[in-house]
Amino acid sequence: MSEKKNCAGLPGCWESHGDDDKLSLMDRAKSFIKTTGEYVASGVKNLSDEDYKKRMKICESCAHLIKDKNVCNKCGCYLPIKGRWEISKCPIGKWEKLKE
């Protein structure tokens, strides 16, 4: 079992935020590149302010939110960006109910 080192202050640092924190810098980069490609392919469509606020409200009460960084601990995405993109999906399906 590898021990995580404290990397505070170092570029690309991703300190542990719980037992399910398994996303490396490479994993987060891959997720960002994939989602950005989908966003561009979709025509760079953003949500309305109302729908964006609904998504962020859901995230505020989620156990996977790293509040001080405004990042999802499941996918590693920066929520002010991911939450705005129409094509984005919550990795655990919490935004799906907004489509109903």
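Quick note: the coordinates plus some simple rules give every number you see, no bench work behind them. As the structure is a prediction and not an experimental result, all values here were calculated from the model. In this analysis, Cβ positions are derived from the backbone assuming ideal geometry, glycine residues included, and neighbour counts consider all displayed protein chains.
Taking amide hydrogens as placed 1.01 Å from N in the peptide plane, the amide H of Asn73 sits under 5 Å from those of Leu65, Ile66, each at least 5 positions away in sequence or on another chain. Across the range 80-95, rounded Karplus estimates of 3J(HN,Hα) from the backbone phi angles (6.51 cos²θ - 1.76 cosθ + 1.60, θ = phi - 60°) give x, 8, 4, x, 7, 6, 4, 7, 5, 10, 6, x, 10, x, 6, 8 Hz, Gly and Pro being marked x.
For the range 28-34, backbone phi angles converted through the Karplus equation (6.51, -1.76, 1.60; θ = phi - 60°) give residue-by-residue couplings of 5, 5, 4, 4, 5, 5, 4 Hz, Gly and Pro being listed as x. Sparsely packed loop sites in the range 27-100 (the trypsin sites (Lys or Arg not before Pro) outside DSSP H, G, I, E and B with at most 12 other Cβ atoms within 10 Å) comprise Lys45, Lys67.
For the range 50-100, the equivalent ellipsoid derived from the Cα gyration tensor has semi-axes of 16, 11, 10 Å, listed largest first. Taking a 18 Å limit on the Cα-Cα distance, which of the listed pairs Lys53/Lys94; Lys45/Lys94; Lys45/Lys82; Lys34/Lys57 fall beyond it? Table pairs above 18 Å Cα-Cα are Lys45/Lys94; Lys34/Lys57. Applied to the range 43-49, the Karplus parametrisation 6.51 cos²θ - 1.76 cosθ + 1.60 on θ = phi - 60° returns per-residue 3J(HN,Hα) values of x, 6, 8, 10, 6, 5, 4 Hz, with x for Gly and Pro.
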